[in-house]
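Asker: Could you have a look at this structure, given as structure tokens, before my questions?
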Amino acid sequence: MLNKKTAFSGLILLLAILWSMNASAARGLPDFTDLVGEASPSVVNISTTQKVQQRSPQGGFPPGQQVPDIFRHFFEEFEEQQPQQPRQRQRQSLGSGFIISEDGYLLTNNHVVENAEEIIVRLSDRRELVAELIGSDPSTDLALLKIDAEGLPVARLGDSDQLRVGEWVLAIGSPFGFEHSVTAGIVSAKGRALPNETYVPFIQTDVAINPGNSGGPLFNLDGEVIGINSQIYTRSGGFMGLSFAIPMQVAMEVAEQLRENGRVSRGWLGVVIQEVNRDLAESFGLDRPQGALIANVDPDGPAAAGGIQTGDIILEVEGMDIETSSDLPPAVGRLNPGKEGEFVILRNGKRQELQVAVGERPENPSISGRSEEDEPAAAGRLGLQVEPLPAALKERWSVATGVQVVSVAPESPAAQAGIRRGDVLVSLAGRPVETPRQLAELAADLPSGQSLAVRLVRQGNPLFVALRITE
């Protein structure tokens, strides 16, 4: 009996210790109550009204049908049928925003207010005010609004550059119309590049975000806004653990330009870039994959005027390391048009510094020899059959020299490099290719066992591939 009592007492003691440990762990978690009380008044609810064409039964997605797997903007849409206008309907888009000045300036997402006829801002004290759209920037999905009010509660703005992965963060917004809802999580990653989003190095978090949170603030534990909730990745239409916010440093640079000019101007180089993979890194003499490889240069653009050439790899811009190709557009975009920036490039295996005056990004940016006639030839070591480049393709794709690939042998070095029939081969190992016969001569002298850079034009799009001859 004594042993049973001792064992029972030991069990009680163990449970007490475990409970104490859990209580201590719970006390170690952040307490958001004061932060929420202080920050909530600066968060607003935004709704818009607009006329849109009624979809035909065949257009769009039928009600209840699953939407595709995409990065999608999110804000709740409420629709009311207009009996007097059977072909149109009123739509209210519900989102969030936050106040950045006492005299009524506030930030939200561009997609929340895009094409709006009227924008209504609802404050934490239940006042509803009509907002003026000062300016918007679809490239970063940001919009600056102004309401006619004074002495408003202002959100404290933080430095998103100082944010660290693993930090606790908190979102306040109106998911599904439930105003001032609070969710928390941690920073999962920084500088995240998303498809079709060129100028925003997103903050990725696991904070629960749903339709209606769009445009709302993301706070750090000091109660400072360090991001604007913008997108989620979802297969269901709701939160699945991946949320993306626009860094506050990017947002304020855009807001300042919108406030002063009503529009945003960005630096522009006039180049086509691609990622540097392991094989390309070796072929260009890099120890590891890094930088942005210049696949094409607009001959009339700022990059060409500054001395940047096709085949260069940009490693730094104004002291900022370019680790991946997605780092280059925001780094250049943050430079003022006309300003000369310092670029560090790799050319022919050597680092060089260039001073390049960037231009202003146009609305629709685009990239706009000797012609020895000889017979088609085979580059046997490459596994290629090529022919002279037709004049029509030279003009259409703005290619001065090159040869067109007629066929690619299976399992050949060219096939393994991803070269396809119809590609235009422009240069091989840094040497321009002008005729099929010249290509065959170049191929005969290529070294074995190392990666070599091949520049192609595929359907008008320039790119590099790495080719390795193993014989």
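The values are calculated or read from the model by the stated rules, or taken from the named source; none is laboratory data. Given the structure is predicted, the values throughout are model-derived calculations rather than measurements. Please note: Cβ atoms are built from the backbone with ideal geometry, for glycine as well, and neighbour counts cover all protein chains shown. Ligands, DNA and RNA are excluded from the accessible area calculation, which covers all protein heavy atoms including side chains. Shrake-Rupley method; radii C 1.70, N 1.55, O 1.52, S 1.80 Å.
Asker: If the label point is 7 Å along Cα→Cβ of Asp125, which residues in the stretch 142-175 have backbone nitrogen under 17 Å from it?
Answerer: 147-155
Asker: A further question on this structure: Please go through the stretch 173-215 and write out the chymotrypsin sites (Phe, Trp or Tyr not before Pro) that DSSP classes as loop and that have at most 12 other C-beta atoms within 10 Å. Walk me through the numbers before you get to the answer.
Answerer: Values: sites: Phe176, Phe178, Tyr199, Phe202; in loops: Phe178.
Passing sites in the stretch 173-215 are Phe178.
Asker: Further, regarding this structure: With every protein chain present, what accessible area does Asp159 have (1.4 Å probe, heavy atoms only), rounded to the nearest 10 Å²?
Answerer: 60 Å²
Asker: Using only protein heavy atoms and a 1.4 Å probe, report how much of Ser40 is accessible, in Å² to the nearest 10.
Answerer: Approximately 20 Å² for this residue.
Asker: Let me ask something else. Taking the simple approach of a point 7 Å from Cα along Cα-to-Cβ for both Asp103 and Arg288, what is their distance in nm?
Answerer: With each label placed 7 Å out from Cα toward Cβ, I get 4.9 nm.
Asker: Could you list the residues of the stretch 319-334 with an amide nitrogen less than 18 Å from a label point located 7 Å from the Cα of Glu275 in the Cα-to-C-beta direction?
Answerer: Correct set: 322-330.
Asker: Here's a follow-up. Under 5 Å between amide hydrogens, which residues at least 5 positions from Gly135 or on another chain qualify, with H placed 1.01 Å from N in the peptide plane?
Answerer: Result for Gly135 returns Leu144.
Asker: Can you pull the percent of the stretch 146-199's accessible area that's carbon plus sulfur, 1.4 Å probe, other chains left in place?
Answerer: That fraction is 49 percent.
Asker: Right, next: Spin-label point model (7 Å from Cα, Cβ direction): what's the Glu114 to Thr470 distance in nm?
Answerer: Placing both labels 7 Å along Cα→Cβ, they lie 4.7 nm apart.
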